[in-house]
Each structure stands twice: as C-alpha cells, then as structure tokens.
Amino acid sequence: MGLDDKLKNAAEDATGKAKEAAGRATDNEELEAEGKSDQAKASMKKAGENIKDVFKKND
C-alpha cells in the first residue's frame, strides 16, 4: 500500500469518526450514520490494499 493511500484512508477514517461523534453529540442520526459509513469505506479500502500487497509480495 502506498503512503498516499494510507494517508487518504486514515484521513477518511478520522473524518468518519469526527462526523459520528458530532452526530451523536447533536442527536443527528443522519450525520452519525454518515460517519460510520465513511469509516466502513476506509476500512474496506485498507483491506483491499492489504490484499494487493500480499499478491505483490508473492510475485
């Protein structure tokens, strides 16, 4: 996984956590759900990049 990808995924995860916390603090369920969604996307991207790394190492 490239450094750029790691940074983008970390930023998306952090943004998602912030949105989730803000939504919870303001009782905004939509914002909270959006934050959870952002975190899930970042997690899936990270998993995909890890799989790519495994195949690159085996070549």
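Each value in this text was obtained by applying a stated rule to the coordinates, not by laboratory testing. Note that the coordinates shown come from a computational prediction; the quantities given were computed from them, not determined experimentally. Cβ sites come from the backbone with ideal geometry, for glycine too, and all protein chains shown count toward neighbours.
How many residues, within segment 22-59, are on the phi > 0 side of the Ramachandran plot and touching a helix residue (DSSP H, G or I) at 6+ places or on another chain (Cβ under 6 Å)?
Summing the residues that are on the phi > 0 side of the Ramachandran plot and touching a helix residue (DSSP H, G or I) at 6+ places or on another chain (Cβ under 6 Å) in segment 22-59 gives 0.
Give me a count of the residues in segment 35-47 that are under 17 Å from GLY2 (Cα atoms) and either touching an Asp or Glu at 6+ places or on another chain (Cβ under 6 Å) or in contact (Cβ under 8 Å) with a residue 60 or more places away in the chain (or both).
Final tally of qualifying residues: 1.
A quick yes/no check of all residues on (1) surrounded by 11 or more Cβ atoms within 10 Å (Cβ to Cβ); (2) touching a residue at least 12 places away in the same chain (Cβ under 8 Å); (3) not aromatic (Phe, Trp, Tyr):
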residue: GLU12; (1), (2), (3): yes, yes, yes
residue: ALA22; (1), (2), (3): yes, yes, yes
residue: ASP27; (1), (2), (3): no, no, yes
residue: ALA33; (1), (2), (3): yes, no, yes
residue: GLU49; (1), (2), (3): yes, yes, yes
residue: LYS52; (1), (2), (3): yes, yes, yes
residue: PHE55; (1), (2), (3): no, no, no
residue: ASN58; (1), (2), (3): no, no, yes
